[in-house]
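Only one structure is covered here, and it is reproduced in the block below.
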Amino acid sequence: AAIPVVPKGFCKNLCHRHQLFINFQDLGWHKWVIAPKGFMANYCHGDCPFSMTTYLNSSNYAFMQALMHMTDPRVPKAVCVPTKLSPISVLYQDNDKNVILRHYEDMVVDECGC
Amino acid sequence: QTSDFQDYDFLQFLGLEKAPSPHRFQPVPRILRKIIRAREAAAASGASQDLCYVKELGVRGNLLRLLPDQGFFLNTQKPSQDGSCLQKVLYFNLSAIKEKGKLTMAQLTLDLGPRSYYNLQPELVMALSVVQDRGVRGRSHPKLGRLLAQLSVPGPQGSLQFNLQGVVKDWNRNRLKSLDLYLQILVQEDRYSGVNVQLENPCDRLIRSLHASLLVVTLNPKHCHPSSRKRR
């Protein structure tokens, strides 16, 4: 079947990455976090209609779930989740005068998909 | 109220009970700045990173901690009878390492201060030993254990690094609460005598500029095993 053309303005409701920057200064943490100044706390949000699951970086499972949802609406739609994550490193000082460099994996959402 | 709640959760997530409130920032060693800049550059370029390997140090680990020396000098007067210019007990509080996992590196950095601009600098002989028993501060001499390093350097010239593999083994075996080391520095007078230029006493300069710190690297297998998904 031809993939239906997505109507104008429909895109912003579709599943995609929303950018959100956490500035440590806003939390008052700049007094003990040496670097970085903050980090991208992006999140995934948006609709996962059947048409989305055929060409976006979505999983086969999402395609099947969307297909089942069309057949039987009691089956929930596929959901919008991170498909690529990256780590951050935080250099900070604790109360015992120790300087600590700690790595946290899966902290930043780079890509989203259904 | 809401932001406090988020604050608390976020701090717990970062592995902290509460937000540190340091009076002043400790000097951050170049190596830590170099690592975090490399990580930030890699993140900005989207390059994939192995969180569990610190390539700048050549060891596996996902948490680096710099512990300041909290020890004390044993002699601050001029060279004592055995000619040693400086005797110091270095003390590092290892109980600060709270996270699970194993130690993969313990690197002692001794900064003896910058090179003096006089070419004639006294040669220094340094001996670093493990302290078995600290004795009573100011009254008795510490009881020494194994000698960790002995070397002579042609005068103060910035930082010297010592990788203490024995300490790594001991800590992984029974999570030591502290590390006590004994540092003795002797001045080789012969290169120094006969100089008529009035130079500052090398001991005073050493005692004033010595700065010691211990960089420890820990590897948490829960975070570093590639297949494990972190529990939310």
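The values are calculated or read from the model by the stated rules, or taken from the named source; none is laboratory data. The model shown is predicted, which means the values in this text are computed figures rather than measured ones. Reconstructed Cβ throughout: ideal geometry from the backbone, glycine too, with neighbour counts over all protein chains shown.
Residues being loosely packed, with under 14 Cβ neighbours inside 10 Å and part of a helix (DSSP H, G or I): count how many of those fall in region B:38-52. Counting residues in region B:38-52 that are loosely packed, with under 14 Cβ neighbours inside 10 Å and part of a helix (DSSP H, G or I) gives 3.
Restricting the first member to region B:17-38 and to residues that are within 22 Å of B:Q70 (Cβ to Cβ), and the second to residues that are basic (K, R), the beta-carbon pairs closer than 6 Å and six or more apart or on different chains are B:Q26/A:K97.
Screening A:C80 with (1) away from chain B (no Cβ under 14 Å); (2) surrounded by fewer than 21 Cβ atoms within 10 Å (Cβ to Cβ); (3) within 30 Å of B:H223 (Cα to Cα) gives one miss only, at (2). Against the conditions (1) free of Cβ contacts under 8 Å to residues at least 24 places away in the same chain; (2) part of a loop (DSSP other than H, G, I, E, B); (3) in contact with a His (Cβ under 7 Å, 6 or more places away or on another chain), A:E105 satisfies every one except (2). Kindly indicate whether A:S58 is out of contact with any Lys or Arg (no Cβ under 6 Å at 6 or more places or on another chain), crowded, with 18+ Cβ neighbours inside 10 Å, more than 10 Å from chain B (Cβ to nearest Cβ) and in contact (Cβ under 8 Å) with a residue 24 or more places away in the chain. Against the criterion (out of contact with any Lys or Arg (no Cβ under 6 Å at 6 or more places or on another chain), crowded, with 18+ Cβ neighbours inside 10 Å, more than 10 Å from chain B (Cβ to nearest Cβ) and in contact (Cβ under 8 Å) with a residue 24 or more places away in the chain), A:S58 qualifies.
Could you list, in sequence order, the residues of region A:79-113 that are closer than 21 Å to A:D47 by Cα and touching a Gly at 6+ places or on another chain (Cβ under 9 Å)? Those that are closer than 21 Å to A:D47 by Cα and touching a Gly at 6+ places or on another chain (Cβ under 9 Å): A:C80, A:V81, A:P82, A:T83, A:K84, A:D110, A:C112. Screening region B:172-192 for residues that are surrounded by fewer than 14 Cβ atoms within 10 Å (Cβ to Cβ) and in a loop (DSSP other than H, G, I, E, B) and picking the one that is modelled with the highest pLDDT gives B:K177.
Residue-wise test of (1) of a type in the set (D, E); (2) buried (at least 18 other Cβ atoms within 10 Å of the Cβ); (3) under 24 Å from A:V108 (Cα atoms).
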| residue | (1), (2), (3) |
| --- | --- |
| A:A41 | no, no, yes |
| A:H45 | no, no, yes |
| A:T53 | no, yes, yes |
| A:R74 | no, no, no |
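Residue check: A:H69 meets all listed conditions (1) more than 22 Å from the chain's Cα centre (by Cα); (2) surrounded by fewer than 17 Cβ atoms within 10 Å (Cβ to Cβ) but one, namely (2). Taking the conditions exactly as written (touching a Phe, Trp or Tyr at 6+ places or on another chain (Cβ under 8 Å) and either among the aromatic types (F, W, Y) or crowded, with 18+ Cβ neighbours inside 10 Å (or both)), does A:P87 satisfy them or not? Spelling it out, A:P87 is indeed touching a Phe, Trp or Tyr at 6+ places or on another chain (Cβ under 8 Å) and either among the aromatic types (F, W, Y) or crowded, with 18+ Cβ neighbours inside 10 Å (or both). The set of residues from region B:53-70 being over 14 Å from B:L103 (Cβ atoms), more than 7 Å from chain A (Cβ to nearest Cβ) and either in a loop (DSSP other than H, G, I, E, B) or touching a residue at least 60 places away in the same chain (Cβ under 8 Å) (or both) comprises B:K55, B:E56, B:G58, B:D69, B:Q70. In region B:208-232, the residues that are at pLDDT below 85 form Cβ pairs under 8 Å with partners that are of a type in the set (D, E), at six or more places apart or across chains, as follows: B:S209/B:D111; B:H223/A:E105; B:K230/A:E105; B:K230/A:D106.
Select from region A:25-36 the residues that are in contact (Cβ under 8 Å) with a residue 12 or more places away in the chain and more than 10 Å from chain B (Cβ to nearest Cβ) and list them in ascending order. Passing the criteria: only A:Q25. A single entry from A:I100, A:I88 fulfils the requirement of being out of contact with any Asp or Glu (no Cβ under 7 Å at 6 or more places or on another chain), within 7 Å of chain B (Cβ to nearest Cβ), assigned to a strand (DSSP E or B) and not small (G, A, S): A:I88.
Among the residues that make up region B:22-31, is at least one of them basic (K, R), surrounded by fewer than 16 Cβ atoms within 10 Å (Cβ to Cβ), outside any loop (DSSP other than H, G, I, E, B) and at pLDDT 80 or above?
Yes, region B:22-31 contains at least one residue that is basic (K, R), surrounded by fewer than 16 Cβ atoms within 10 Å (Cβ to Cβ), outside any loop (DSSP other than H, G, I, E, B) and at pLDDT 80 or above.
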